[in-house]
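Colleague: Before anything else, here's the structure in question.
The values are calculated or read from the model by the stated rules, or taken from the named source; none is laboratory data. Everything numeric here is computed off the predicted structure, so don't read it as measured data. In this analysis, Cβ positions are derived from the backbone assuming ideal geometry, glycine residues included, and neighbour counts consider all displayed protein chains. All accessible areas refer to the heavy atoms of the entire protein, side chains included, with ligands and DNA or RNA removed. Shrake-Rupley method; radii C 1.70, N 1.55, O 1.52, S 1.80 Å.
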Amino acid sequence: MRLFVFLVLTLFLTLSTAVAQSPDSENLFREALICYGELNYSCTLDKLTQAEEIASRSKDKTYSLSDIYEYKAYTLVALGREAEAEASFRSLMRLNPDFVLSEQQVSPKIYRVYKKAKLEMETLRPPVVVEPAPKPEQIPEVAPVPEPPIEPVSEPPRWPIIQRAAGASAGAAFLVGNDTDYFNVGYFVSASAEAAVGQGFTLGGRIWFQQHAGKDDNRNLNVLGILFNPAWNYHLSRFWMQIPVAVGPVFFGWDGIDDRAGLIWLFDPAFFVRLHANVAIGLNVGPGGVVRFEPAESSTFLMTGLKLIGSW
(Lines give C-alpha, C1' and ligand atoms only; values in the text may rest on other atoms or scores of the structure.)
Protein backbone atom coordinates (compact mmCIF):
# COMPACT_ATOMS: atom_id res chain seq x y z
CA MET A 1 0.00 0.00 0.00
CA ARG A 2 2.92 2.37 0.75
CA LEU A 3 4.39 1.62 -2.67
CA PHE A 4 1.00 2.38 -4.27
CA VAL A 5 0.75 5.80 -2.49
CA PHE A 6 4.37 6.56 -3.44
CA LEU A 7 3.64 5.89 -7.13
CA VAL A 8 0.57 8.18 -7.05
CA LEU A 9 2.53 11.03 -5.40
CA THR A 10 5.44 10.58 -7.85
CA LEU A 11 3.10 10.85 -10.86
CA PHE A 12 1.41 13.91 -9.38
CA LEU A 13 4.75 15.70 -8.78
CA THR A 14 5.94 14.79 -12.29
CA LEU A 15 2.82 16.27 -13.87
CA SER A 16 3.02 19.40 -11.72
CA THR A 17 6.70 20.00 -12.59
CA ALA A 18 6.07 19.48 -16.32
CA VAL A 19 3.26 21.99 -16.61
CA ALA A 20 5.13 24.57 -14.53
CA GLN A 21 8.04 24.85 -16.97
CA SER A 22 6.19 26.96 -19.54
CA PRO A 23 3.77 29.60 -18.23
CA ASP A 24 1.77 29.91 -21.46
CA SER A 25 -2.01 29.84 -21.65
CA GLU A 26 -2.18 26.15 -22.64
CA ASN A 27 -0.12 24.96 -19.66
CA LEU A 28 -1.99 27.27 -17.30
CA PHE A 29 -5.24 25.80 -18.64
CA ARG A 30 -3.96 22.26 -18.00
CA GLU A 31 -2.96 23.26 -14.45
CA ALA A 32 -6.46 24.65 -13.97
CA LEU A 33 -7.98 21.30 -15.07
CA ILE A 34 -5.85 19.49 -12.47
CA CYS A 35 -7.04 21.91 -9.75
CA TYR A 36 -10.63 21.44 -10.96
CA GLY A 37 -10.30 17.65 -10.74
CA GLU A 38 -9.02 18.07 -7.17
CA LEU A 39 -12.06 20.28 -6.35
CA ASN A 40 -9.66 23.17 -5.54
CA TYR A 41 -11.81 25.88 -7.15
CA SER A 42 -9.77 28.84 -5.86
CA CYS A 43 -6.68 27.42 -7.55
CA THR A 44 -8.73 26.72 -10.71
CA LEU A 45 -10.01 30.31 -10.92
CA ASP A 46 -6.53 31.75 -10.36
CA LYS A 47 -4.99 29.62 -13.15
CA LEU A 48 -7.85 30.37 -15.57
CA THR A 49 -7.59 34.12 -14.92
CA GLN A 50 -3.87 34.04 -15.72
CA ALA A 51 -4.51 31.94 -18.84
CA GLU A 52 -7.23 34.37 -19.96
CA GLU A 53 -4.86 37.34 -19.71
CA ILE A 54 -2.28 35.57 -21.89
CA ALA A 55 -4.78 34.10 -24.38
CA SER A 56 -6.53 37.47 -24.89
CA ARG A 57 -3.29 38.80 -26.39
CA SER A 58 -2.95 35.83 -28.76
CA LYS A 59 -4.08 35.84 -32.40
CA ASP A 60 -5.75 32.45 -31.99
CA LYS A 61 -8.45 33.53 -29.54
CA THR A 62 -11.25 31.08 -30.38
CA TYR A 63 -9.50 27.89 -29.28
CA SER A 64 -7.93 29.03 -26.02
CA LEU A 65 -10.49 31.55 -24.77
CA SER A 66 -13.50 29.31 -25.49
CA ASP A 67 -12.21 26.58 -23.16
CA ILE A 68 -11.07 29.10 -20.55
CA TYR A 69 -14.46 30.86 -20.44
CA GLU A 70 -16.27 27.49 -20.23
CA TYR A 71 -14.34 26.16 -17.24
CA LYS A 72 -14.26 29.59 -15.62
CA ALA A 73 -18.07 29.56 -15.66
CA TYR A 74 -18.13 26.04 -14.12
CA THR A 75 -15.72 27.15 -11.39
CA LEU A 76 -17.63 30.33 -10.55
CA VAL A 77 -20.85 28.30 -10.18
CA ALA A 78 -19.03 25.95 -7.77
CA LEU A 79 -17.89 29.01 -5.78
CA GLY A 80 -21.46 30.38 -5.63
CA ARG A 81 -20.67 33.41 -7.83
CA GLU A 82 -23.45 32.85 -10.34
CA ALA A 83 -23.61 36.42 -11.70
CA GLU A 84 -19.94 36.21 -12.70
CA ALA A 85 -20.54 32.71 -14.12
CA GLU A 86 -23.32 34.15 -16.35
CA ALA A 87 -20.91 36.83 -17.57
CA SER A 88 -18.33 34.16 -18.42
CA PHE A 89 -20.94 32.15 -20.38
CA ARG A 90 -21.93 35.33 -22.27
CA SER A 91 -18.28 36.01 -23.15
CA LEU A 92 -18.02 32.43 -24.42
CA MET A 93 -21.16 32.73 -26.57
CA ARG A 94 -20.02 36.08 -28.01
CA LEU A 95 -16.74 34.41 -29.02
CA ASN A 96 -18.37 31.17 -30.16
CA PRO A 97 -22.07 31.68 -31.07
CA ASP A 98 -22.43 27.95 -31.91
CA PHE A 99 -21.56 26.83 -28.36
CA VAL A 100 -24.26 24.51 -26.95
CA LEU A 101 -24.38 22.81 -23.54
CA SER A 102 -26.73 19.88 -22.84
CA GLU A 103 -28.23 18.84 -19.52
CA GLN A 104 -26.36 15.50 -19.68
CA GLN A 105 -22.94 17.18 -19.74
CA VAL A 106 -23.10 19.21 -16.53
CA SER A 107 -24.85 19.50 -13.19
CA PRO A 108 -28.37 21.03 -13.00
CA LYS A 109 -26.95 24.13 -11.25
CA ILE A 110 -24.46 24.83 -14.05
CA TYR A 111 -27.08 24.18 -16.72
CA ARG A 112 -29.50 26.63 -15.07
CA VAL A 113 -26.89 29.41 -15.11
CA TYR A 114 -25.99 28.59 -18.73
CA LYS A 115 -29.66 28.74 -19.84
CA LYS A 116 -30.12 32.10 -18.13
CA ALA A 117 -27.06 33.53 -19.89
CA LYS A 118 -28.16 32.07 -23.24
CA LEU A 119 -31.66 33.54 -22.91
CA GLU A 120 -30.20 36.97 -22.12
CA MET A 121 -27.88 36.74 -25.15
CA GLU A 122 -30.81 35.87 -27.42
CA THR A 123 -32.83 38.78 -26.01
CA LEU A 124 -30.04 41.31 -26.54
CA ARG A 125 -28.98 40.02 -29.98
CA PRO A 126 -30.16 42.44 -32.73
CA PRO A 127 -32.46 41.02 -35.42
CA VAL A 128 -30.79 39.85 -38.63
CA VAL A 129 -31.48 42.25 -41.49
CA VAL A 130 -31.48 40.65 -44.92
CA GLU A 131 -30.38 43.18 -47.52
CA PRO A 132 -31.95 42.97 -50.97
CA ALA A 133 -29.85 41.50 -53.72
CA PRO A 134 -28.10 44.10 -55.89
CA LYS A 135 -29.44 44.85 -59.31
CA PRO A 136 -27.60 43.27 -62.24
CA GLU A 137 -25.94 46.56 -63.18
CA GLN A 138 -24.62 46.90 -59.60
CA ILE A 139 -22.77 43.58 -59.64
CA PRO A 140 -19.07 44.29 -60.04
CA GLU A 141 -17.42 42.87 -63.11
CA VAL A 142 -14.38 41.64 -61.19
CA ALA A 143 -15.15 38.94 -58.64
CA PRO A 144 -13.52 39.41 -55.23
CA VAL A 145 -10.51 37.29 -54.42
CA PRO A 146 -11.57 34.51 -52.03
CA GLU A 147 -9.85 34.41 -48.69
CA PRO A 148 -7.56 31.45 -48.07
CA PRO A 149 -9.16 28.70 -45.96
CA ILE A 150 -8.33 28.70 -42.26
CA GLU A 151 -6.78 25.45 -41.15
CA PRO A 152 -8.50 23.98 -38.09
CA VAL A 153 -6.54 24.03 -34.86
CA SER A 154 -6.11 20.58 -33.40
CA GLU A 155 -7.16 20.40 -29.78
CA PRO A 156 -5.22 18.36 -27.24
CA PRO A 157 -7.09 15.43 -25.65
CA ARG A 158 -9.37 16.49 -22.80
CA TRP A 159 -9.93 14.04 -19.98
CA PRO A 160 -13.40 14.60 -18.47
CA ILE A 161 -14.22 13.86 -14.84
CA ILE A 162 -16.15 10.59 -14.63
CA GLN A 163 -19.94 11.00 -14.66
CA ARG A 164 -21.09 7.43 -15.41
CA ALA A 165 -19.00 4.28 -15.82
CA ALA A 166 -19.20 0.51 -16.20
CA GLY A 167 -16.39 -1.98 -16.04
CA ALA A 168 -15.14 -5.50 -15.46
CA SER A 169 -12.24 -6.85 -13.43
CA ALA A 170 -10.48 -10.18 -12.90
CA GLY A 171 -7.54 -11.41 -10.84
CA ALA A 172 -6.20 -13.70 -8.14
CA ALA A 173 -7.70 -14.28 -4.67
CA PHE A 174 -5.65 -15.51 -1.68
CA LEU A 175 -7.40 -16.97 1.37
CA VAL A 176 -6.04 -16.13 4.83
CA GLY A 177 -5.97 -18.32 7.96
CA ASN A 178 -7.19 -21.88 8.36
CA ASP A 179 -8.93 -21.85 4.98
CA THR A 180 -5.53 -22.26 3.32
CA ASP A 181 -5.40 -25.83 4.71
CA TYR A 182 -8.39 -26.81 2.59
CA PHE A 183 -8.32 -24.59 -0.52
CA ASN A 184 -5.80 -23.40 -3.09
CA VAL A 185 -5.25 -19.89 -4.43
CA GLY A 186 -8.34 -18.92 -6.43
CA TYR A 187 -9.56 -16.35 -8.89
CA PHE A 188 -12.30 -13.72 -9.04
CA VAL A 189 -14.29 -11.99 -11.78
CA SER A 190 -16.47 -8.92 -11.25
CA ALA A 191 -18.73 -6.51 -13.18
CA SER A 192 -19.71 -3.05 -11.94
CA ALA A 193 -21.61 0.14 -12.84
CA GLU A 194 -21.57 3.54 -11.13
CA ALA A 195 -22.66 7.18 -11.46
CA ALA A 196 -21.28 10.43 -10.01
CA VAL A 197 -23.15 12.08 -7.14
CA GLY A 198 -20.86 15.11 -6.69
CA GLN A 199 -17.63 16.14 -4.91
CA GLY A 200 -15.70 13.18 -6.35
CA PHE A 201 -18.11 10.51 -5.03
CA THR A 202 -19.81 7.80 -7.08
CA LEU A 203 -22.51 5.27 -6.21
CA GLY A 204 -23.11 1.97 -7.94
CA GLY A 205 -23.26 -1.78 -7.68
CA ARG A 206 -21.06 -4.77 -8.27
CA ILE A 207 -21.50 -8.51 -8.93
CA TRP A 208 -18.65 -10.64 -7.58
CA PHE A 209 -17.79 -14.30 -8.23
CA GLN A 210 -14.85 -16.10 -6.61
CA GLN A 211 -13.71 -19.73 -6.73
CA HIS A 212 -11.04 -21.77 -4.92
CA ALA A 213 -10.13 -25.34 -5.85
CA GLY A 214 -10.11 -27.78 -2.94
CA LYS A 215 -7.03 -29.52 -1.62
CA ASP A 216 -6.79 -33.30 -0.92
CA ASP A 217 -10.00 -34.15 -2.79
CA ASN A 218 -11.97 -31.40 -1.03
CA ARG A 219 -14.75 -29.83 -3.04
CA ASN A 220 -14.35 -26.42 -4.70
CA LEU A 221 -15.43 -23.30 -2.81
CA ASN A 222 -17.70 -20.91 -4.78
CA VAL A 223 -18.65 -17.39 -3.64
CA LEU A 224 -21.25 -15.12 -5.30
CA GLY A 225 -21.82 -11.59 -3.93
CA ILE A 226 -24.09 -8.69 -4.90
CA LEU A 227 -22.62 -5.48 -3.50
CA PHE A 228 -23.55 -1.85 -2.96
CA ASN A 229 -20.43 0.02 -4.13
CA PRO A 230 -19.87 3.67 -3.03
CA ALA A 231 -16.45 5.10 -3.97
CA TRP A 232 -14.35 8.27 -3.75
CA ASN A 233 -12.45 9.36 -6.87
CA TYR A 234 -9.33 11.55 -7.00
CA HIS A 235 -8.70 12.83 -10.54
CA LEU A 236 -5.30 13.88 -11.89
CA SER A 237 -6.06 14.64 -15.56
CA ARG A 238 -5.10 11.42 -17.41
CA PHE A 239 -4.73 9.45 -14.18
CA TRP A 240 -7.11 8.92 -11.30
CA MET A 241 -7.41 6.90 -8.12
CA GLN A 242 -10.61 5.24 -6.91
CA ILE A 243 -11.22 4.08 -3.33
CA PRO A 244 -14.38 1.91 -3.03
CA VAL A 245 -15.91 0.32 0.07
CA ALA A 246 -18.36 -2.38 -1.07
CA VAL A 247 -20.73 -4.51 1.02
CA GLY A 248 -23.71 -6.75 0.31
CA PRO A 249 -25.28 -10.21 0.58
CA VAL A 250 -23.27 -13.29 -0.39
CA PHE A 251 -24.12 -16.90 -1.23
CA PHE A 252 -21.45 -19.58 -1.12
CA GLY A 253 -21.01 -23.31 -1.00
CA TRP A 254 -18.99 -26.32 -2.06
CA ASP A 255 -19.40 -27.12 -5.76
CA GLY A 256 -22.40 -24.74 -5.68
CA ILE A 257 -23.55 -21.49 -4.08
CA ASP A 258 -26.63 -22.66 -2.15
CA ASP A 259 -25.07 -24.05 1.03
CA ARG A 260 -24.62 -20.86 3.09
CA ALA A 261 -25.50 -17.16 3.04
CA GLY A 262 -24.00 -14.12 4.76
CA LEU A 263 -22.41 -10.75 4.05
CA ILE A 264 -19.39 -9.97 1.87
CA TRP A 265 -17.21 -6.84 2.10
CA LEU A 266 -14.47 -5.55 -0.21
CA PHE A 267 -11.91 -2.76 0.05
CA ASP A 268 -9.88 -2.70 -3.18
CA PRO A 269 -8.46 0.72 -4.15
CA ALA A 270 -7.58 1.06 -7.84
CA PHE A 271 -5.26 3.31 -9.83
CA PHE A 272 -6.35 3.99 -13.44
CA VAL A 273 -4.59 5.24 -16.57
CA ARG A 274 -6.75 6.50 -19.45
CA LEU A 275 -6.19 4.78 -22.80
CA HIS A 276 -8.80 7.10 -24.35
CA ALA A 277 -11.07 9.89 -23.15
CA ASN A 278 -13.70 7.25 -22.27
CA VAL A 279 -11.64 4.08 -21.69
CA ALA A 280 -9.20 3.33 -18.87
CA ILE A 281 -7.37 0.37 -17.35
CA GLY A 282 -6.34 0.05 -13.74
CA LEU A 283 -4.79 -2.12 -11.04
CA ASN A 284 -6.85 -2.91 -7.95
CA VAL A 285 -5.58 -4.59 -4.79
CA GLY A 286 -6.95 -5.01 -1.27
CA PRO A 287 -8.65 -7.22 1.30
CA GLY A 288 -12.14 -8.70 1.46
CA GLY A 289 -14.10 -11.17 3.50
CA VAL A 290 -17.25 -13.19 4.15
CA VAL A 291 -19.04 -12.60 7.47
CA ARG A 292 -21.26 -15.22 9.18
CA PHE A 293 -22.78 -15.47 12.64
CA GLU A 294 -20.75 -18.66 13.06
CA PRO A 295 -17.13 -17.39 13.32
CA ALA A 296 -15.77 -20.70 12.02
CA GLU A 297 -17.56 -20.14 8.69
CA SER A 298 -16.30 -16.56 8.24
CA SER A 299 -13.24 -16.00 6.07
CA THR A 300 -10.84 -13.30 4.90
CA PHE A 301 -8.99 -13.04 1.61
CA LEU A 302 -6.68 -10.73 -0.35
CA MET A 303 -7.15 -10.02 -4.04
CA THR A 304 -5.29 -8.27 -6.83
CA GLY A 305 -6.23 -7.85 -10.46
CA LEU A 306 -6.83 -5.62 -13.47
CA LYS A 307 -9.95 -3.58 -14.16
CA LEU A 308 -11.09 -2.22 -17.54
CA ILE A 309 -13.61 0.61 -17.29
CA GLY A 310 -15.58 2.66 -19.81
CA SER A 311 -17.17 6.04 -19.05
CA TRP A 312 -19.63 8.39 -20.73
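Colleague: How many percent of the accessible area of region 154-293 is carbon or sulfur, using a 1.4 Å probe? Provide the component values of the computation, followed by the final result.
Modeller: On the way: 4330 of 6710 Å².
Solvent-exposed carbon and sulfur of region 154-293 make up 65 percent of the total.
Colleague: Also, I was wondering about something else. Considering only protein heavy atoms, what is the solvent-accessible area of residue 265 at a probe of 1.4 Å, reported in Å² to the nearest 10?
Modeller: Result for residue 265: roughly 90 Å² accessible.
Colleague: At residue 263 and residue 121, where each label point lies 7 Å from the Cα along Cα→Cβ, what is the point-to-point distance in nanometres?
Modeller: Here the modelled spin labels are 5.2 nm apart.
Colleague: Can you compute the FRET efficiency between residue 182 and residue 275 using 1/(1 + (r/R0)^6), with r the Cβ-Cβ distance and R0 = 51 Å? Round to the nearest 0.05.
Modeller: With a Förster radius of 51 Å, E is 0.80.
Colleague: For residue 232 and residue 83, FRET efficiency with R0 = 45 Å and r from the beta-carbon atoms, rounded to 0.05?
Modeller: The calculated FRET efficiency here is 0.90.
Colleague: Can you give the FRET efficiency to the nearest 0.05 for residue 26 and residue 312, using r as the Cβ-Cβ distance and R₀ = 22 Å?
Modeller: 0.25
Colleague: Residue 58 accessible area, nearest 10 Å², 1.4 Å probe?
Modeller: That residue has around 50 Å² of solvent-accessible surface.
Colleague: In nm, to one decimal, how far is the modelled label at residue 111 from the one at residue 254, with both set 7 Å along Cα→Cβ?
Modeller: Distance between the two pseudo-spin positions: 5.5 nm.
Colleague: If you rank 236, 275 by how much accessible surface each has, with a 1.4 Å probe, what is the order from largest down?
Modeller: Final ranking, largest accessible area leading: 275, 236.
Colleague: I would also like to ask the following. Just to verify a number: what accessible area does residue 93 come out at with the full protein assembly present, 1.4 Å probe, Å² rounded to tens?
Modeller: 10
Colleague: Please work out the average accessible area per residue across region 173-234, using the 1.4 Å probe convention, and give it in Å².
Modeller: Spelled out: the 1.4 Å probe surface of region 173-234, per residue, equals 51 Å².
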